[in-house]
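A.B. asks: Once you've had a glance at the structure underneath, I'll fire off some questions.
The values are calculated or read from the model by the stated rules, or taken from the named source; none is laboratory data. Keep in mind that what you see is a predicted model, and the values were worked out from it rather than measured. When we count neighbours, we look across all protein chains shown, and the Cβ atoms used for this are built from the backbone with ideal geometry, even at glycine.
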Amino acid sequence: MKIDELYQEIILDHYKAKHHSGLRKPYDAEVYHVNPVCGDEVRLRIFLDGDLVGDVSYESAGCSISQASTSVMTDLVIGRTTSEGLALYEEFLAVMQGRGEMVPDEERLEDAVAFAGVARFPARVKCALLGWSAFRDAASRAISGESRKPEVEVQ
Ligand code: ZN
């Protein structure tokens, strides 16, 4: 199996069976992000358990890339420290902004490496980043105690 096909399969698997999908309680902050270019949207909640990301729950709609990427993100950040989760966001962001020239660290990014090819298509980069940006926003709101702001964040 070629690497591109393997990556396609990872994306499709997450899209068909999204991990940690649904909105749950308790939560410390909720955000709503949209990517108007593609029509993707995600409402995402974060629950911090001390220093750890206790839960990330979400409802999403839109393309397979945006929804699969959100699913992969939850696998990576739940159970880690919040600062480690934010460090992973920075690493994923760097790969997605690398125009396909940045080699992702598979040990750290796991299934998220499947989106490295998306970086070659600037129009789809926002799709892959939507859920991650929502996580970053929710985490910083939860940390600062600025919780449950319902306004829309346009990417
Ligand atoms: Zn999209």
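A.B. asks: Tell me which residues, restricted to the stretch 13-30, are touching a helix residue (DSSP H, G or I) at 6+ places or on another chain (Cβ under 9 Å), within 18 Å of residue 134 (Cα to Cα) and among the charged types (D, E, K, R).
C.D. replies: Hits for the stretch 13-30 are 18, 28, 30.
A.B. asks: Check off (1) within 16 Å of the ligand (Cβ to nearest atom); (2) at pLDDT 95 or above for residue 81 and give me the number that stays unchecked.
C.D. replies: Going through (1) within 16 Å of the ligand (Cβ to nearest atom); (2) at pLDDT 95 or above one by one, residue 81 breaks only (1).
A.B. asks: Take residue 129 and decide whether it is hydrophobic (A, V, I, L, M, F, W, C), touching a residue at least 60 places away in the same chain (Cβ under 8 Å) and either part of a helix (DSSP H, G or I) or buried (at least 19 other Cβ atoms within 10 Å of the Cβ) (or both). Walk me through how you get there before you give the answer.
C.D. replies: Values: hydrophobic (A, V, I, L, M, F, W, C): yes; touching a residue at least 60 places away in the same chain (Cβ under 8 Å): yes; either part of a helix (DSSP H, G or I) or buried (at least 19 other Cβ atoms within 10 Å of the Cβ) (or both): yes.
Answer is yes for this residue.
A.B. asks: Look through the stretch 56-75, keep the residues that are more than 17 Å from residue 45 (Cβ to Cβ) and either over 9 Å from the mean Cα position of the chain (by Cα) or surrounded by fewer than 18 Cβ atoms within 10 Å (Cβ to Cβ) (or both), and return whichever of them is farthest from the ligand (Cβ to nearest atom). Don't jump to the end; show me each part of the working.
C.D. replies: Pass one, the stretch 56-75, residues more than 17 Å from residue 45 (Cβ to Cβ): 62-66, 68-69, 72.
In the following step, the residues that additionally are either over 9 Å from the mean Cα position of the chain (by Cα) or surrounded by fewer than 18 Cβ atoms within 10 Å (Cβ to Cβ) (or both) were identified as 62-65.
On the way: 62: 5, 63: 3, 64: 8, 65: 5 Å.
Looking at the filtered set, the residue picked out is 64.
Rundown of residues vs (1) within 24 Å of residue 17 (Cα to Cα); (2) in contact with a Cys (Cβ under 8 Å, 6 or more places away or on another chain); (3) assigned to a helix (DSSP H, G or I); (4) more than 16 Å from the ligand (Cβ to nearest atom), yes/no style:
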position	(1), (2), (3), (4)
42	yes, no, no, no
118	yes, yes, yes, no
134	yes, no, yes, no
142	no, no, yes, yes
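A.B. asks: Looking at the stretch 88-116 only, could you name the residues that are exposed (fewer than 15 other Cβ atoms within 10 Å of the Cβ) and not in a loop (DSSP other than H, G, I, E, B)?
C.D. replies: Hits for the stretch 88-116 are 90, 94, 106, 107, 108.
A.B. asks: Could you give every pair whose Cβ atoms fall below 9 Å, whose first residue belongs to the stretch 45-73 and is touching a residue at least 40 places away in the same chain (Cβ under 8 Å) and in a loop (DSSP other than H, G, I, E, B), and whose second residue is of a type in the set (Phe, Trp, Tyr) and surrounded by fewer than 24 Cβ atoms within 10 Å (Cβ to Cβ), counting only separations of at least 6 or pairs across chains?
C.D. replies: 63/15
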